[in-house]
Amino acid sequence: MARLTRMHLGDILVVPIQEELHDTAAEEAGEKIIREADNPKIKGVAIDISALDIVDSFLGRLLQKIAWGLRAMGKEVILVGIQPEVAVALVELGLYLEEINTAFELDSALEKLREKINKGAA
Amino acid sequence: MAQKNNKKEIEKLRRENEEYKKLIEEMSEGFAYLEEDLTFSFSNPACDSAFGVPEGKLMGRKLQDFLSPESFKEVKKNIKTSEKKKSVFEIEVNAADGETRYLLTRSNPRFDEKGKFVGSFVFFYDITKRIKLEENLIFERGLLNALLDYIPDWIYFKDKGSRFLEVSKSKAEGTGLKRDEFKGKTDFDFFSEEEAKVMRADEEKIMKTGESVVDKVQKIKLPDGKEKWLSATKVPFYDKYGNVMGTLGITRDVTRLKTLELEKQEKIEAQKEELIELSTPVIDVWDGVLTVPILGSLDSERASKISEALLTQIVEKRAEVAIIDISGISAVDSAVADRLIRTAKAVRLVGAEAILTGVGVEIAQTIADLGIDMENLKTMSTLKDGLRYVISRKKELRGEWR
């Protein structure tokens, strides 16, 4: 499988997904993210999918699963850079991802995440 | 002994006479003897009934009474002739019971030593049924021919093997063939193999299932090279036992209509496109705040165009809030509400907030009646409220961030 880039920015784990992932590769990536986040230092995870033009139902559901998993572990999650076509496709699939935060770009995503984490801490 | 023989002879003759008489009485053909002036002096029951009179009442009546004056002249001549060809002829009888009957008549005239006509044994054979049938056939054939000659639509009959049995004049036109020269030809003689194969397949299916093809419109290249839009209707036809005999069809040239329709459709598409462009103005009302006023009706195509335009703008302008104003929308039903909600959810996914404004009393009621929960969607009654909310929130946020 392709290497999955992971960056730690303080207490935030940033995972940019650079290419379309299919089936097992996607599941492996999902597992890797969750394992990586399984670290008391990590308070929030930002998954950047701005490079994706297409998200099929499989990947859509996987994202949802990852988010649920991370939240179950007490981490804040944010999806970054959902493209307009992807947003439309997800809605058509009925995947509103309502419980997941979203942001245009990493900048605002990190801001939003910090805000949430601080709120949780306070 | 001689006397006894004589008596026996007489007895034999008498019996024979009886038998002949019986034969004549029971014959299904009419038989009569006409005197010199063509008065009936003898007739059998079949003859009486052919002339429509009660049994035995034909005697003493004249043949002339049953014929039209014109035909009587001819008949008179024919009855008196012994020439084989002319002694068999048809007469049209106005029978005494009011019916018109056609009788095939054979005359066996009798002459005296001087060659003068003295009378005739005449046989009548009722052929009314056959004549009527023939008349009907001729009449129907005439109707069919008129149909095939004058209707501009192509009409054709094909046998089980899809070989032409009969075609209309219009069908033959342009092929260089005459109507009767079509017999035995197939579509393969006139169309491309590909097209002919489709036609043949259609016909086989029709004959197999008994289901007609009605108004099948397709573009066909004609034998003369022109391309035309044709509307074809094909049905199976059967013999009197219900066995399929082939197919018959009517094809109509609908090129003019179809061209118009296509042009119209194109125009409508173009206008629709233009209208959509015009009707999805995404307005940049404030820093990071976009507004889309939706006017008129919202179908799925338009809804997706609006979504697309709005989402693209949001990402491009890095907008934080998108206000969708529906105060100008003509009607809200469950489909429209669903589309609005989907748009709002897509807005959230790309990272902005969607606010639905212009939800008046009626629309609110409709939405409630439809049982749609606006869930996490922020709604406001007027665009003004929406803007006020956004601006105050921006101030608040700025205050927080400062």
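The values are calculated or read from the model by the stated rules, or taken from the named source; none is laboratory data. Quick caveat: nothing in here was measured; it's all calculated off a predicted structure. Here Cβ is always computed from backbone atoms with ideal geometry, including for glycine, and neighbour counts include all displayed protein chains.
If you check B:385, B:325, B:338, which single one turns out to be under 14 Å from residue B:282 (Cβ atoms) and outside any loop (DSSP other than H, G, I, E, B)?
B:325 is the lone residue from the list that is under 14 Å from residue B:282 (Cβ atoms) and outside any loop (DSSP other than H, G, I, E, B).
Using the structure shown, decide if residue B:197 is without any contact (Cβ under 8 Å) to a residue 12 or more places away in the chain, over 25 Å from residue B:243 (Cβ atoms) and surrounded by fewer than 14 Cβ atoms within 10 Å (Cβ to Cβ).
On the way: without any contact (Cβ under 8 Å) to a residue 12 or more places away in the chain: yes; over 25 Å from residue B:243 (Cβ atoms): yes; surrounded by fewer than 14 Cβ atoms within 10 Å (Cβ to Cβ): yes.
When the stated conditions are applied, residue B:197 passes them.
Do you know which residues across the range A:34-55 are modelled with pLDDT of 85 or more and within 18 Å of residue B:346 (Cα to Cα)?
Matches in the range A:34-55: A:47, A:48, A:49, A:50, A:51, A:52, A:53.
Here is a list: A:90, A:59, A:63. Which entry is surrounded by 19 or more Cβ atoms within 10 Å (Cβ to Cβ), away from every other protein chain (no Cβ under 12 Å) and not in a strand (DSSP E or B)? First the steps, then the outcome.
Details: A:90 fails: away from every other protein chain (no Cβ under 12 Å); A:63 fails: away from every other protein chain (no Cβ under 12 Å).
Checking each option against the conditions leaves just A:59.
What residue, of A:52, A:110, is surrounded by 14 or more Cβ atoms within 10 Å (Cβ to Cβ), touching a helix residue (DSSP H, G or I) at 6+ places or on another chain (Cβ under 8 Å) and within 13 Å of chain B (Cβ to nearest Cβ)?
A:52
Can you tell me which of B:205, B:272, B:264, B:197 is outside the structural domain of residue B:309 (by TED's automatic domain parsing), part of a helix (DSSP H, G or I) and closer than 30 Å to residue B:323 by Cα?
B:272
State which residue is nearest to the chain's Cα centre (by Cα) when the search covers only the range B:325-356 and only residues that are acidic (Asp, Glu) and surrounded by fewer than 22 Cβ atoms within 10 Å (Cβ to Cβ). Working first, answer last.
At the first step, the residues of the range B:325-356 found to be acidic (Asp, Glu) are B:325, B:333, B:338, B:353.
Subsequent filtering for residues that are surrounded by fewer than 22 Cβ atoms within 10 Å (Cβ to Cβ) retains B:333, B:338, B:353.
Values: B:333: 41, B:338: 45, B:353: 60 Å.
Looking at the filtered set, the residue picked out is B:333.
Out of all the residues in the range A:11-23, is one or more in a helix (DSSP H, G or I), out of contact with any helix residue (DSSP H, G or I) (no Cβ under 9 Å at 6 or more places or on another chain), away from every other protein chain (no Cβ under 14 Å) and surrounded by 14 or more Cβ atoms within 10 Å (Cβ to Cβ)?
No, because not a single residue in the range A:11-23 is in a helix (DSSP H, G or I), out of contact with any helix residue (DSSP H, G or I) (no Cβ under 9 Å at 6 or more places or on another chain), away from every other protein chain (no Cβ under 14 Å) and surrounded by 14 or more Cβ atoms within 10 Å (Cβ to Cβ).
Is it the case, given these coordinates, that residue B:306 is assigned to a helix (DSSP H, G or I), surrounded by 18 or more Cβ atoms within 10 Å (Cβ to Cβ) and out of contact with any Asp or Glu (no Cβ under 9 Å at 6 or more places or on another chain)?
Judged against the criteria, residue B:306 is a match.
What number of residues in the range A:1-16 are within 13 Å of the chain's Cα centre (by Cα) and at pLDDT 85 or above?
The total comes to 5.
Considering each of B:345, B:305 in turn, give the residue that is among the basic types (Lys, Arg), within 14 Å of chain A (Cβ to nearest Cβ) and closer than 19 Å to residue B:273 by Cα.
Answer to the check: B:305.
Scan the range A:67-80 for residues that are touching a strand residue (DSSP E or B) at 6+ places or on another chain (Cβ under 7 Å) and more than 8 Å from every other protein chain (Cβ to nearest Cβ) and report the count.
7
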